[in-house]
Amino acid sequence: MKDRPVEILLVEDNPNDVELALHALKKNNLANHIEVVRDGAEALDFLFGIGAHAGRNIQNGPKVVLLDLKLPKVDGLEVLEQIRSDPRTKTIPVVVLTSSREERDIAESYNLGVNSYIVKPVDFEQFTEAVRQLGLYWLLLNQPPAI
């Protein structure tokens, strides 16, 4: 199934946040295929079709990357920088979904070309609603350029 199109790449190391995001997206029928990776290195392997994801057709998505900043191995800002510096991935929408409210993280994310920066709500219902709205916008309303 290496050539199956991916709609959302969820880059998140917190299992509870992964579970909540998947629940919100699937409950609202917003993604047929969500790929979950648990650290920045795995995200880069997936996006560029290397390492454990060698041979994956990188033309098959994702339509949007939901990216946490505080990740093991390679942090989210480095992942974002590499996405934006490669012509094959620079137009993929990236939404930072993180618990960090630090102004330097926000500023650096925008300097590196993030499309949106969302602070994760702590409350279960608010988190679920935020993910639902993200999915609605980026999968149904946003019009990306042709690859």
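The values are calculated or read from the model by the stated rules, or taken from the named source; none is laboratory data. Note that the structure is a prediction, hence the values are computed from the model and not measured. Neighbour counts run over all protein chains shown; Cβ positions are idealised from the backbone, glycine included. Only protein heavy atoms, including side chains, enter the accessible area calculation; ligands, DNA and RNA are left aside. Shrake-Rupley method; radii C 1.70, N 1.55, O 1.52, S 1.80 Å.
Can you bin the range 1-131 into rounded, prolate or oblate? Criterion: square roots of the alpha carbon gyration tensor eigenvalues sorted a ≥ b ≥ c, rounded for a/c under 1.5, prolate for a/b above b/c, oblate for the rest.
On the way: a/c = 1.70, a/b = 1.14, b/c = 1.50.
Cα axes put the range 1-131 in the oblate bin.
Rolled with a 1.4 Å probe across the full set of protein chains, the surface gives ARG88 an accessible area near 130 Å². Pairs of lysines in the chain whose Cα atoms sit within less than 26 Å of one another amount to 18, provided the residues are eight or more positions apart or on different chains. Here the relative contact order of the range 53-103, from alpha carbon pairs under 8 Å that lie six or more residues apart, stands at 44 percent.
Between GLU81 and TYR137, the FRET efficiency estimated from the beta carbon spacing at R0 = 22 angstrom works out to 0.40.
Considering only alpha-carbon pairs that sit under 8 angstrom and 6 or more positions apart, the relative contact order computed for the chain is 26 percent. The residues ASP105, ASP17, sorted by heavy-atom accessible surface at 1.4 Å with ligands and nucleic acids left out, run ASP17, ASP105 from largest to smallest.
What does the C-alpha gyration tensor say about the overall shape of the range 55-147? Classify as rounded when a/c is under 1.5, otherwise prolate if a/b is larger than b/c, or oblate. Let's see the in-between values first.
On the way: a/c = 1.81, a/b = 1.20, b/c = 1.51.
Oblate, because a/c is 1.5 or more while a/b does not exceed b/c.
In this label model, GLU108 and HIS23 are separated by 3.2 nm, measuring between points 7 Å along each Cα→Cβ vector.
Per-residue Karplus couplings for the range 112-126, computed as 6.51 cos²θ - 1.76 cosθ + 1.60 with θ equal to phi - 60°, are listed in order as 8, x, 5, 7, 7, 10, 10, 8, 4, x, 6, 5, 4, 5, 5 Hz, Gly and Pro entered as x.
Please figure out what share of the DSSP beta bridges in the chain is antiparallel and state it in percent, rounded to the nearest 5. Write down the numbers at each step before the final one.
Working: 0 of 15 bridges.
Just about 0 percent of them are antiparallel.
Accessible surface for PHE124 stands near 100 Å², nearest 10, in the context of the full protein assembly shown (1.4 Å probe).
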